[in-house]
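Shown next, in structure tokens, is the structure this report addresses.
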Amino acid sequence: MRNDTGHATLRTTIFSGHDARVAWSPANDRYDNPLVRFAADFVRAHLCDVMGKRVLEMGCGAGENIASFVAAGAEAVTGVDPSQRLLAAAARRFEDAPVDLIHHDIRRPIPLLRASADVTLVDLVLEYCADPRAPLAEAKRLTQPGGVVHAVEIHPFVALRDSVLGRSREDADPTYPHLASDYLQAADDAGLTLVEFREIRLPPHEAAASPALADYGDMPVLLAMSFKVYR
């Protein structure tokens with residue numbers, strides 16, 4: 001949605017309670033976190049079949065994936081994030097683009113109509129939710145029957161490895177130690193049907209380009225799950 005100046009619309013809704021992603025947002029804002037950047041590259045390469053479709057992103061940050069969706073020909077894109085500062089940065093990126101940005105806590109019902117999207121991306125936010133069922137149930141509500149919900153998350157192996165080695169992630173904010181099975185069970189409870197499950201490893205050239213990424217070796221660093229909405 002655009003305002004009269006042609007810029008992306010940013011509207012604020014009720015946001016209450018602390019969310020770790022707000023505190024973490026300085027790293028995410030510049031996409032200098034190598035895992036966040038790698039996740040955005042993965043979305044651009046594999047999850048951008050959105051030509052003529054309405055796209056919703058839960059956890060849009062400063063709009064890296066939104067830019068990919070717009071470039072791929074999405075009919076309209078809505079981004080939701082708890083950080084108003086990141087959303088303001090996203091709004092400045094898009095002129096003459098069908099983009100609507102909403103400041104909102106994704107753990108609570110989002111003020112959008114049922115079946116508002118054809119494709120929904122839940123991006124790097126479930127690990128910040130004690131119960132991932134609520135955002136996944138909301139993703140299902142907001143996605144048109146016949147549509148798809150994608151969820152991309154940091155692989156649990158990353159958190160486990162760093163914990164064993166006594167290391168903290170760049171964000172250093174509270175996350176919840178969900179297993180892959182926790183996400184799959186939460187999606188099933190939400191009424192989503194799994195159609196694809198991928199554990200993403202770093203290609204050699206990516207690892208070689210970043211010492212921080214090379215440290216993960218051949219272990220998977222991302223989970224990518226796709227679900228169908230049937231009703």
Tell me which residues come under 5 Å, amide H to amide H, from VAL221 once H is placed; ignore anything under 5 positions away on its chain. ILE200, ARG201, LEU202
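Using r as the Cβ-Cβ distance of ASP96 and SER181, and R0 as 30 Å, what FRET efficiency do you calculate, to the nearest 0.05?
Values: r = 44 Å, r/R0 = 1.46.
Between ASP96 and SER181 the formula returns 0.10.
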Just to check I understand the Karplus step: with θ = phi - 60° and J = 6.51 cos²θ - 1.76 cosθ + 1.60, what whole-Hz values come out for region 126-135, glycine and proline as x? 5, 5, 8, 10, 4, 10, x, 5, 4, x
What are the ³J(HN,Hα) couplings of region 214-231, residue after residue, when phi is run through the Karplus curve with 6.51, -1.76, 1.60 and θ = phi - 60°? Round to Hz, x for glycine and proline. 4, 5, 7, x, 9, 6, x, 10, 10, 10, 10, 10, 10, 10, 9, 9, 9, 7
Amide H neighbours of GLY147 under 5 Å, at least 5 residues apart or on other chains, H built in the peptide plane: list them. VAL229
Per residue of region 110-116, in order, report the coupling 6.51 cos²θ - 1.76 cosθ + 1.60 (Karplus, θ = phi - 60°) as ³J(HN,Hα) in whole Hz, putting x for Gly and Pro. 8, x, 9, 6, 3, 6, 7
With label points built 7 Å along Cα→Cβ from the Cα atoms of HIS205 and ALA45, find their separation and express it in nm. 0.9 nm
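The numbers here are math on the coordinates, done by the rules we state, and not lab data. Remember, it's a predicted structure, so these values are computed and weren't measured experimentally. Note that we place each Cβ from the backbone using ideal geometry, even for glycine, and neighbour counts take in every protein chain shown.
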